1. Please find, within the range B:51-67, the residue that is surrounded by the most Cβ atoms within 10 Å (Cβ to Cβ) out of those that are more than 16 Å from DNA strand C (Cβ to nearest atom) and in contact (Cβ under 8 Å) with a residue 12 or more places away in the chain.
2. Of the residues B:Ala72, B:Ala93, which single one is surrounded by 13 or more Cβ atoms within 10 Å (Cβ to Cβ), within 16 Å of DNA strand D (Cβ to nearest atom) and closer than 30 Å to B:Arg170 by Cα?
3. Closer than 18 Å to A:Leu90 by Cβ, away from DNA strand D (no atom under 16 Å from the Cβ) and touching a helix residue (DSSP H, G or I) at 6+ places or on another chain (Cβ under 8 Å) - does that describe any residue in the range B:52-66?
4. Got at least one residue in the range A:153-175 being loosely packed, with under 13 Cβ neighbours inside 10 Å, in contact (Cβ under 8 Å) with a residue 60 or more places away in the chain, small (Gly, Ala, Ser) and not in a helix (DSSP H, G or I)?
5. Considering every residue within the range B:75-91, establish whether at least one is away from DNA strand C (no atom under 16 Å from the Cβ), among the polar types (S, T, N, Q) and under 13 Å from the mean Cα position of the chain (by Cα).
6. Confirm whether A:Glu8 is within 14 Å of another protein chain (Cβ to nearest Cβ) and either outside any loop (DSSP other than H, G, I, E, B) or away from DNA strand D (no atom under 13 Å from the Cβ) (or both).
7. Can you tell which of B:Ser42, B:Ser18 is in contact with a helix residue (DSSP H, G or I) (Cβ under 7 Å, 6 or more places away or on another chain) and either part of a helix (DSSP H, G or I) or free of Cβ contacts under 8 Å to residues at least 40 places away in the same chain (or both)?
8. Restricting attention to the range A:75-89, report how many residues are surrounded by fewer than 18 Cβ atoms within 10 Å (Cβ to Cβ) and within 9 Å of chain B (Cβ to nearest Cβ).
Protein chains: 2
Amino acid sequence: MELTTAEENYLKAIYHLSEEGKKSVSTNDIAASIQTKPASVSDMLRKLGEKEVIQYRKYYGLQITPLGMRLALQTIRKHRLWEVFLVDKLHFAWDEVHEVAEQLEHIQSTLLIERLDAYLNYPKFDPHGDPIPDAFGDVRSRPRIALQEMGIDQSGQIVAVKDSSPAFLRYLDKVGAYIGARIKVLDKVEFDGSVEILVDQKKTLFMSKDVANNILVLTS
Amino acid sequence: MELTTAEENYLKAIYHLSEEGKKSVSTNDIAASIQTKPASVSDMLRKLGEKEVIQYRKYYGLQITPLGMRLALQTIRKHRLWEVFLVDKLHFAWDEVHEVAEQLEHIQSTLLIERLDAYLNYPKFDPHGDPIPDAFGDVRSRPRIALQEMGIDQSGQIVAVKDSSPAFLRYLDKVGAYIGARIKVLDKVEFDGSVEILVDQKKTLFMSKDVANNILVLTS
DNA sequence: CTTATTTTTTAGAACTATCTAATTTAATTT
DNA sequence: AAATTAAATTAGATAGTTCTAAAAAATAAG
């Protein structure tokens, strides 16, 4: 079964929205997430339904089928492997990879991805800390919570970011809150939800609720 | 100026046909070379003319403009760099790279190509011996002749192949006529144009006129 | 130098993807 | 429960790429 680039993008968006814990994925949500109009989404949902990658009932909503899940995870696998390539091999900054990976993920060649995976030494996570599905679509996800949800004196390690926008990533670079950093919550301000943390046992840092909400931590 | 994938493919085909020494490139030639119908070519020529990458007069023919030349060479540069990547880094066989490189060449990112070029150590030739244009579109082509045109006792080095079809490349692999091999013409058969050569001073090889015509040699 | 042949182009249709505007269905409010 | 609002879908257009079939132009042949 072959999907077009547009179909792959829609399916990926649907997968991501489903993962975000939302009970059901709405036409408007999809439109917003891929920056298109709801009318276009309706059209595409009908098509994806016909191709049986989603189960679709007009006006009622949709559900990804096992087939759709497999295909979505394949695309995500490709996207994340390319991101690792761009950062590890071509020395892209982690805020520069998304756009290019969006293109590379649609290259069709099973051999290419197998070889790329081996070349990169079978990475388990992409530069933003998101897990890379294996060839069968299995994802080894780590239990993790938002930094904002941690309690005072709790320790952990930054393992991923929710927001991958260049602006956010560049901010993290600037303050030294990179993936892998060990942190400890020193204080939390009730009033605005901001947090004070110790990074790598040497540097203290204040961050707003907004920032802390977009940093994912593996607590220890 | 931005070209679509289809436009890039047409322009590339036109460039290659122009290079083949043909006085003028015909609609039918283009159609044959990219496996489409002449009607589709006519349509596209009109469009490429409007975009001023070719100069086009209906029924009379076309000529690539300097702009078109630049864009075609950019695409060819990308294609050949990706081929080097696939062979050198991902260990593709030289007969497996074309199809994937056809897709990769359309990825849009100047940074990506600059970085890839550096990562591959600024290669000057692709796995088939074809020269890789630099970022400005300059091509350093080597003077070379078909093996078929060499005289008896003449020596040289295989530097490229004209035909890059998997069947031909696999044949060359089998007989050990790889790029870089030093050869000497031992004998030529008038009757059928076949050639007997010495490869790397240790192995003699018979090859048909057809094969010898598709191997390019730098004579010494 | 007409006629035939080949080449090239146009006309019209199909398919993908997208949009705006209008309509339909579902959910909310009073 | 009827009326309002919000969400989702359909209808109709546009743009890109490709095709078949028909027409037009250029070339070759008698």
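1. Going through the range B:51-67, the residues more than 16 Å from DNA strand C (Cβ to nearest atom) turn out to be B:52, B:65-67.
Subsequent filtering for residues that are in contact (Cβ under 8 Å) with a residue 12 or more places away in the chain retains B:52, B:65, B:67.
On the way: B:Glu52: 13, B:Thr65: 17, B:Leu67: 13.
Once the filter is applied, the top-ranked residue is B:Thr65.
2. Of the residues listed, the single one that is surrounded by 13 or more Cβ atoms within 10 Å (Cβ to Cβ), within 16 Å of DNA strand D (Cβ to nearest atom) and closer than 30 Å to B:Arg170 by Cα is B:Ala72.
3. Looking through the range B:52-66, none of the residues is closer than 18 Å to A:Leu90 by Cβ, away from DNA strand D (no atom under 16 Å from the Cβ) and touching a helix residue (DSSP H, G or I) at 6+ places or on another chain (Cβ under 8 Å).
4. Yes, that holds for at least one residue.
5. As a first pass, look at the range B:75-91 and keep what is away from DNA strand C (no atom under 16 Å from the Cβ): B:75-91.
Next cut, among the polar types (S, T, N, Q) only: B:75.
The next check asks that each one be under 13 Å from the mean Cα position of the chain (by Cα); those that pass are B:75.
Yes, the range B:75-91 contains at least one residue that is away from DNA strand C (no atom under 16 Å from the Cβ), among the polar types (S, T, N, Q) and under 13 Å from the mean Cα position of the chain (by Cα).
6. Answer is yes for this residue.
7. None of the other options fit; the residue is B:Ser42.
8. 1
The values are calculated or read from the model by the stated rules, or taken from the named source; none is laboratory data. All values reported here derive from a predicted model rather than from experimental measurement. Note: ideal-geometry Cβ built from the backbone for every residue, glycine included; neighbour counts use all protein chains shown. Side chains are part of the model used for accessible areas, which takes the heavy atoms of the whole protein and leaves out ligands, DNA and RNA. Shrake-Rupley method; radii C 1.70, N 1.55, O 1.52, S 1.80 Å.
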